[in-house]
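For reference, the structure is listed below as structure tokens.
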Amino acid sequence: MTKKKKPKKQKDIHDQLLNRRREWRLDMPLKAEIKGKLPNGENFSETTTIDNISSGGAYFGLNARITIDTKLNLTIDIPSKLTDGKKTKLSLSGSTVRMEKTDSKKKKLNIAVHFNKKYKFLD
């Protein structure tokens, strides 16, 4: 008598997308200041919380109405428990690669940014 194989459990689309990423994502809320230019050329600066981050990019909410490929500068507060009690910030830049409307009352858009290679730690 042969055993019947159990059907494979299908992963939802979210799990599949997560597994296709090149870098591991850290789901840790990090305070950040985001600066850039709006489509009309006006500068903006907004404080937000990063939802997740990797060596290649970050995902967070914004109210600023930016567009795909907008250049952004991020200054991220690194938790002091990760830096032996020192107040440290990470400064880096990148470009917007994805935007999604959000149901949140706090932020209008969820933004995905791909980092460029330059970064700097600030004291």
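Candidates in segment 34-56 are the residues that are of a type in the set (Gly, Ala, Ser) and at pLDDT below 95; of these, the one that is surrounded by the fewest Cβ atoms within 10 Å (Cβ to Cβ) is Ser55. Taking (1) at pLDDT below 95; (2) under 20 Å from Trp24 (Cβ atoms) in turn, Glu100 satisfies each apart from (2).
The numbered conditions (1) surrounded by 14 or more Cβ atoms within 10 Å (Cβ to Cβ); (2) out of contact with any Lys or Arg (no Cβ under 9 Å at 6 or more places or on another chain); (3) not hydroxyl-bearing (Ser, Thr, Tyr) are all true for Gly85 except (1).
Could you pull out every one of the strands (runs of 3 or more DSSP E) wholly within segment 37-78 that has 1 or more residues that are closer than 13 Å to Asn110 by Cβ, in contact with a Leu (Cβ under 7 Å, 6 or more places away or on another chain) and of a type outside the set (Val, Ile, Thr)? Before you say what the answer is, go through the steps one by one.
On the way: elements: 43-53, 57-62, 71-78.
Filter on segment 37-78 gives 43-53, 57-62.
Can you say whether Lys31 is among the basic types (Lys, Arg), surrounded by fewer than 17 Cβ atoms within 10 Å (Cβ to Cβ) and within 12 Å of the chain's Cα centre (by Cα), as far as the supplied structure shows?
Working: among the basic types (Lys, Arg): yes; surrounded by fewer than 17 Cβ atoms within 10 Å (Cβ to Cβ): yes; within 12 Å of the chain's Cα centre (by Cα): yes.
So Lys31 passes the test.
Among Ser95, Ser104, which is the only one that is surrounded by 10 or more Cβ atoms within 10 Å (Cβ to Cβ), assigned to a loop (DSSP other than H, G, I, E, B) and of a type outside the set (Phe, Trp, Tyr)?
Details: Ser95 fails: assigned to a loop (DSSP other than H, G, I, E, B).
On inspection, the qualifying residue turns out to be Ser104.
The values are calculated or read from the model by the stated rules, or taken from the named source; none is laboratory data. Just so it is clear, the model here is predicted, and its values are computed rather than measured. Positions of Cβ are backbone-derived with ideal geometry, glycine not excepted, and every protein chain shown enters the neighbour counts.
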